[in-house]
1. Using the Karplus equation 6.51 cos²θ - 1.76 cosθ + 1.60 (θ = phi - 60°), what ³J(HN,Hα) coupling, rounded to whole Hz, does each residue of the range B:131-140 give in order, writing x for Gly and Pro?
2. Around B:ARG91, what is the net charge, scoring Lys/Arg as +1 and Asp/Glu as -1 over all other residues with Cβ under 10 Å from its Cβ?
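Bear in mind that the values in this text are calculations on the coordinates, not laboratory data. No experiment lies behind these values; they were computed from the predicted model shown. No Cβ is skipped: glycine too gets one built from the backbone with ideal geometry, and neighbour counts run over all protein chains shown.
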Amino acid sequence: MNISILLPAPLAPFFLWVVFGIAIVGFSSVSAILVYHWHAFGVNAKKMRRVTRIYFLVSAALLILLFIGVIAGSF
Amino acid sequence: MVQLEANESIVLEVRRHWYVIAVKGALFTLLIPLPFLALGNVQVFASAPSAAGQAGLFIFVGAAWLLLLWIAFFISWTNYYLDVWLITTKRVMSIEQTGLFRRTVSAFRRERIQDVTVSVNGIMAHLFNFGDVSVQTASESKPFVIHEAPRPYAVQNALAGRGEEGTASAANV
């Protein structure tokens with residue numbers, strides 16, 4: 001089954017940048033809440049630091065990929 | 001961080017068995033290919049973009065989906081990890097984290113424990129050795145329950161204060 005959600009071509013880059021912006025804002029808000037919880041309520045500070053590092057490392061890689069997608073998708 | 005009284009130390013941390021978060025992780029993993037399967041059948045832009053543009057769109061949707069799953073998994077993990085029982089030398093603290101904005105902390109002194117009940121139900125619970133531990137105290141009508149606790153009989157022994165053996169074996173939970 002083929003589905004069509006048609007956007008005019010000139011809107012494509014704009015659409016991608018808007019979604020990218022929403023993703024950044026959403027990611028920042030949720031991350032702030034998560035980090036607050038880990039540091040305020042976590043029992044083991046060392047483990048919480050390790051979890052924070054893993055979370056942000058993978059997230060940064062995905063955000064870079066997202067940015068590459070916006071740039072490449074704009075052509 | 002948890003505030004302890006003077007001369008009080010944490011003997012044991014009990015949270016749900018890792019099986020619980022592993023099942024959730026597996027579900028999130030199963031969701032990974034979803035947009036990649038769907039993307040081939042969805043036309044988004046009225047005029048087809050260039051090959052680079054198409055690849056970019058594919059990367060964009062893939063990365064956005066993975067980021068969404070990654071965040072959702074960590075929300076789930078946070079709820080799992082912060083939902084914990086802390087058995088200290090003096091008290092038992094039951095911290096119930098149900099969602100990011102719902103947290104209940106109860107504490108009762110160990111000498112108030114009247115009865116500790118363990119229930120292990122189901123094949124997986126027997127296979128992975130986890131179960132529900134409920135504690136009835138002298139002051140509360142409702143028992144405190146920790147669900148899917150690993151090595152529940154060791155936890156029961158530690159709570160019932162059956163000497164060094166219970167605490168030592170439960171310390172590895």
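1. Those phi angles translate into x, 8, 10, 10, 10, 9, 10, 5, 8, 9 Hz.
2. +1
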